[in-house]
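Below is one structure, written out as structure tokens, with a few remarks after it.
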Amino acid sequence: MEKPLFPSKNMRITQGYNEGTHKDSFAIDNAGLDYGKEKVYAPFTGIIKKIYPNDANEVWLESSEPVEYPDGTIDFLTIMFAHADNVDNLFVGKTIKQGEAFYEEGTKGNATGNHIHIECGKGKFTGSGWYKNSSGYWSINNHKKPEECLWIDDTINIIHSNNYIFKKIPKKESTNIVDKKFIAKKSGLYGVYLKENQELIIKGLPQD
Ligand SMILES: [Zn+2]
């Protein structure tokens, strides 16, 4: 199962949630190193559900399968990205693979300096994808804090996390440990004496 990864290789959050134009939302802006337009990598394998070119080229990507949230929750995840200057290569229904560079920073919409605006929504894409919040800003449906949805790993350079604590994916996932069941075909000496149909469960063997 995929763990949704923070979509930029350089984390420099320039506007956190509930600040300024992010009032009453869990939106963040990430501006990276500010050397031009940095690529945005799909946090998970997903399907593009909506593109809104009239404003900031907002793109909604819904996970194809349930993903693992940092707290262990298993659910679908939908993320809205904004400000790419060009989304000509994208269309509704397009599948994007986890880690694929599919979007980039930009200034489309009401943006100063190349950056992306990211909002996470728990579950699948719903309704029109967003709603006008009590401060008058359009906000993703079922919004959830980014650090409660996205993981980081060693490939992500953290410049400024805005004091948000993102959970790290272990460098190498530990080998899956499984319990193996040995069923005696006939009575005999197996190191331990087993009667026919007795089961011996060997705990903690590495998976083949
Ligand atoms: Zn923003």
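The values are calculated or read from the model by the stated rules, or taken from the named source; none is laboratory data. What you are looking at is a predicted structure, and each value in this text was computed from that prediction instead of being measured. Here the Cβ positions follow ideal geometry from the backbone for every residue, glycine too, while neighbour counts run over all protein chains shown.
Quick one: how many residues across region 70-88 are part of a loop (DSSP other than H, G, I, E, B) and touching a strand residue (DSSP E or B) at 6+ places or on another chain (Cβ under 7 Å)?
Matching residues across region 70-88 total 6.
Does residue 33 qualify as being part of a loop (DSSP other than H, G, I, E, B) and either surrounded by fewer than 17 Cβ atoms within 10 Å (Cβ to Cβ) or more than 13 Å from the ligand (Cβ to nearest atom) (or both)? Yes, satisfied.
With the requirement that a residue be touching a residue at least 60 places away in the same chain (Cβ under 8 Å) and in contact with a Ser or Thr (Cβ under 8 Å, 6 or more places away or on another chain), what does region 40-49 give you?
First, the residues of region 40-49 that are touching a residue at least 60 places away in the same chain (Cβ under 8 Å): 40-43, 49.
Hits for region 40-49 are 40, 41, 49.
Among 140, 118, 96, which is in the same structural domain as residue 31 (by TED's automatic domain parsing) and touching a helix residue (DSSP H, G or I) at 6+ places or on another chain (Cβ under 7 Å)? Give the steps one after another, and end with the answer.
Values: 140 fails: touching a helix residue (DSSP H, G or I) at 6+ places or on another chain (Cβ under 7 Å); 96 fails: touching a helix residue (DSSP H, G or I) at 6+ places or on another chain (Cβ under 7 Å).
Checking each option against the conditions leaves just 118.
Residues that are more than 13 Å from the ligand (Cβ to nearest atom) and among the hydrophobic types (A, V, I, L, M, F, W, C) within region 92-119 comprise 92, 96, 101, 102, listed in sequence order.
Scanning region 36-46 for residues that are in a strand (DSSP E or B) and either crowded, with 17+ Cβ neighbours inside 10 Å or within 16 Å of the ligand (Cβ to nearest atom) (or both) turns up 40, 41, 46. Being in a strand (DSSP E or B), within 18 Å of residue 43 (Cβ to Cβ), of a type outside the set (A, V, I, L, M, F, W, C) and in contact with a Lys or Arg (Cβ under 9 Å, 6 or more places away or on another chain): is that true of residue 103 here? Judged against the criteria, residue 103 is a match.
For every residue, the table says whether it meets (1) under 25 Å from residue 16 (Cβ atoms); (2) part of a loop (DSSP other than H, G, I, E, B).
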residue	(1), (2)
90	no, yes
99	no, yes
120	yes, no
134	yes, yes
170	no, yes
189	no, no
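Apart from one condition, residue 62 fits all of (1) acidic (Asp, Glu); (2) more than 23 Å from residue 127 (Cβ to Cβ); (3) part of a strand (DSSP E or B); the exception is (2). Looking at region 110-117, can you tell me whether even one residue there is touching a His at 6+ places or on another chain (Cβ under 9 Å), buried (at least 16 other Cβ atoms within 10 Å of the Cβ) and among the small types (Gly, Ala, Ser)? Yes: one or more hits. Pairing residues of region 8-33 that are at negative phi and free of Cβ contacts under 8 Å to residues at least 12 places away in the same chain with residues that are of a type outside the set (Phe, Trp, Tyr) and assigned to a loop (DSSP other than H, G, I, E, B), at Cβ distances under 9 Å and at least 6 apart in sequence or on separate chains, gives 19/162. In region 161-172, the residues that are of a type in the set (Lys, Arg) form Cβ pairs under 6 Å with partners that are assigned to a loop (DSSP other than H, G, I, E, B) and surrounded by 10 or more Cβ atoms within 10 Å (Cβ to Cβ), at six or more places apart or across chains, as follows: 167/70. Look at region 3-22 and say how many of its residues are more than 11 Å from the ligand (Cβ to nearest atom) and either modelled with pLDDT under 95 or surrounded by fewer than 20 Cβ atoms within 10 Å (Cβ to Cβ) (or both). Count: 5.
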